[in-house]
Amino acid sequence: MNKIIKYVLYDIIRNKIIVAYTLFLLLLSIGLFNLGGSPDKGLLSLLNLVLLTVPLISIVFGTTHFYNSYEFMELLVSQPIRRSKIFMSEYLGVSLSLSAAFMIGVGVPVLLFAPGATGLYLVLTGVFITFIFVALAFLASVITRDKAKGIGIALLLWFYFALIYDGLVLFILYSFGDYPLEYATLVLTALNPVDLGRVLVLLNLDVSAMMGYTGALYKSIFGSLWGIGIAFAVMVLWVLVPVLASRRIFKRRDM
Amino acid sequence: MITIENLYKSYGKLQVLRNVSVELGKGKVISIIGPNGSGKTTMSKCILGMVLPDSGDIRFNGESVLKKYAYRSQIGYMPQIGKYPENMKIRQVIEMIRDIRKDAAVDDELIGLYRLEEMYEKRMGALSGGTKQKVSAALAFMFDPQVLILDEPTAGLDPFAAEILKGKILKEKKKGKLILITSHVMSEVEEVADEVLCLVDGSVMFYETISDLKAQTQETRLSRAVAKIMNEGYKP
C-alpha cells in the first residue's frame with residue numbers, strides 16, 4: 001500500500017493546489033486571531049469559516065483528483081495489485097495531504113493563539129470533516145463515469161450538508177415547536193457531520209449558555225467525556241460508511 | 001494455460017460476450033480477430049480482471065482468476081490505447097511499475113531497441129500516440145511474463161517499430177509463452193500467429209490453426225480464407 005500512496009502523494013504535491021490551500025487556511029487563521037479581541041472569539045469565527053470552506057475544498061479536490069487519476073488507476077488495475085489497495089491508497093493519499101494542509105494552516109495558529117481543549121476539538125473536527133468529505137467525494141466519483149456529473153453530485157452534497165440541512169432542521173424545529181424535540185434534535189445533529197462538529201466545538205466555548213434548553217441538554221451530553229467519545233464515534237462512522245461503500249463499487253466496476 | 005468457460009458479459013443492454021468457451025495453450029501465438037465491437041478487447045480485459053464477467057469462469061493454470069490479483073504478475077498487457085498519468089515522466093512510469101513488481105526479472109530489450117532512454121524525461125502527456133505505444137510495449141514485455149496480451153499492438157507504430165515488435169513476439173514465442181494478439185491486419189496475423197480465434201457478435205465463430213483454415217478454404221492467403229468463411233458462414 002505504501003508504495004502506491006507514495007506516487008499518489010507525489011502527484012498531489014506537484015499539483016500546488018494543496019500549497020495554496022495551506023496558505024489560505026494559514027492566512028485565514030492568523031487574520032481572524034488578530035482581528036477579534038479574545039482568542040475565544042477568534043476560535044468561533046474560525047470555526048464558522050472552517051466548517052464552510054473545508055468541506056467544500058475537500059469534496060471538490062477529492063472529486064477532481066479521482067477523475068484526474070483515472071488513467072493512473074487504469075494502469076495499476078492490470079498489474080498484480082488488489083483493487084481495494086489502489087482505491088484505499090488514493091483515498092488515504094488525498095485525505096492525508098488535505099489533513100496535513102489543515103493541521104499546518106489551522107492547527108499551528110490555534111496552538112499559538114488559543115491553545116487548549118477547544119482548539120484541539122476544532123482541529124480534530126477539521127481533520128474528521130476532511131476525511132468525511134473526501135470519502136463523499138470518492139463516493140460521488142465512483143457512482144458516475146462522467147466528470148461533470150460527478151462534480152455536480154459532489155457540489156450538491158456540499159450544499160446539502162453545509163446549507164440546506166440547517167434550513168431543514170430549522171423548519172422542523174419551528175413546525176413542531178410545541179413538542180419536546182430535545183432528543184430529536186440530537187439525532188438530527190448526528191445525521192450531519194458538519195453540525196456535529198459545530199456542536200462539539202461550540203459546547204466547549206462559553207456561547208453555549210445562550211443556546212437555551214436544548215443547549216443545556218447538549219451540554220449535559222457533549223460536556224462529558226463519554227458524550228464526546230460518542231460524537232467522535234459517529235464521526236468515524238461518517239468516514240467508514242462512504243469509504244466502504246465506494247470501495248465496494250470500485251471493486252466491482254469495469255475499467 | 002488459460003481456460004475460458006461459458007463467459008457472458010453485457011454493458012447495460014448491450015450483450016458483448018455470449019457463451020465464450022476456449023482453451024488457450026502455451027507456446028502459441030493466437031490471434032483474436034473479428035469485426036469492430038465483436039468483444040475482442042472485452043475478452044482480453046476479462047482475462048486481466050479489468051472487466052468483470054456477468055457469468056462464466058476464467059482459469060489460469062487451473063485456478064479461477066475471478067477476485068484474484070496475484071496471477072497478473074504472469075501477464076504482460078499492452079492496451080489498445082495506452083492511457084498514462086499525463087504529468088508523469090516515462091522514467092517515473094517505468095520505475096513505478098518496476099517498484100510494484102519488485103521481485104520480477106527485468107527484460108529491457110524493447111526499451112533499448114525503441115531508444116526510450118533518450119526520452120526518459122519527457123512527460124507522458126507530451127508524447128505522440130506511437131511513442132506511448134512503444135512505452136506500452138516495453139512495459140508489457142518487461143517482466144518476462146508467461147502470457148502476453150497485446151491489443152492491436154502495431155496500430156499507431158511506424159513500420160520500423162512494428163517490425164521490432166514482431167521480432168520480439170516471435171522471440172518470446174520460442175520461450176514457450178502464450179501470446180494473444182488482437183489485430184485487424186491479416187498479413188500481420190499470418191506473419192506471427194499460429195492460430196486464429198474469430199469472434200463475431202460476442203461468440204466464437206471459429207478457432208483454427210492458420211494452415212487448417214487455408215486448407216479448408218483452398219486459399220493461399222489468410223485474408224481471403226477468412227473473408228470466404230465470413231461470407232459463407234462457418235461450417236466446421
Starting from the Cα of residue B:13, draw a straight line to each of the lysines and keep only those under 22 Å, dropping any in the same chain fewer than 8 residues away. A:149, A:251, B:40, B:45
Between 0 and 90 degrees, rounded to the nearest ten: what's the tilt of helix A:83-102 against the longest Cα principal axis of chain A? 40 degrees
Could you work out the relative contact order of segment A:140-229, using alpha carbon pairs under 8 angstrom and six or more residues apart, expressed as a whole percent? 17 percent
Counted neighbours (other Cβ, 10 Å), sorted fewest up, put A:149, B:174 in the order B:174, A:149
Just to verify a number: FRET efficiency for residue B:67 and residue A:217, C-beta to C-beta distance, R0 = 30 Å, to 0.05? 0.05
Based only on Cα atoms, what mean projected area does the convex hull of the protein assembly as shown have, in nm²? 28.0 nm²
Correct semi-axes for segment A:2-251, from √(5λ) of the alpha-carbon gyration tensor and rounded to whole Å with the largest first, are 33, 22, 15
Past the 28 angstrom mark, what percentage of all C-alpha to C-alpha distances in segment B:2-232 do you count? 31 percent
Quickly work out the residue A:184-to-residue A:143 label distance, labels modelled 7 Å from Cα along the C-beta direction, and quote it in nm with one decimal. 2.7 nm
Percent of C-alpha pairs per 10 Å bin, segment A:109-166, short to long: 22, 35, 25, 15, 3
Could you list which residues have their amide H under 5 Å from that of residue B:197, counting only those 5 or more apart in sequence or on another chain, with H placed in the peptide plane? B:31, B:32, B:33
What does the structure give for A:69-75 when I average, per residue, the other chain Cβ atoms found within 10 Å of the residue Cβ? 6
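Mind sorting A:113, A:87 by how few other Cβ atoms lie within 10 Å of their own Cβ, fewest first?
By the 10 Å Cβ count, ascending, the order reads A:113, A:87.
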What ranking of A:65, B:184 emerges when the number of other C-beta atoms within 10 Å of each C-beta is taken as an exposure proxy, fewest first? B:184, A:65
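No value in this document is a laboratory result; all are computed from the given coordinates. This is a predicted model, so every value here is computed, not measured. Here Cβ is always computed from backbone atoms with ideal geometry, including for glycine, and neighbour counts include all displayed protein chains.
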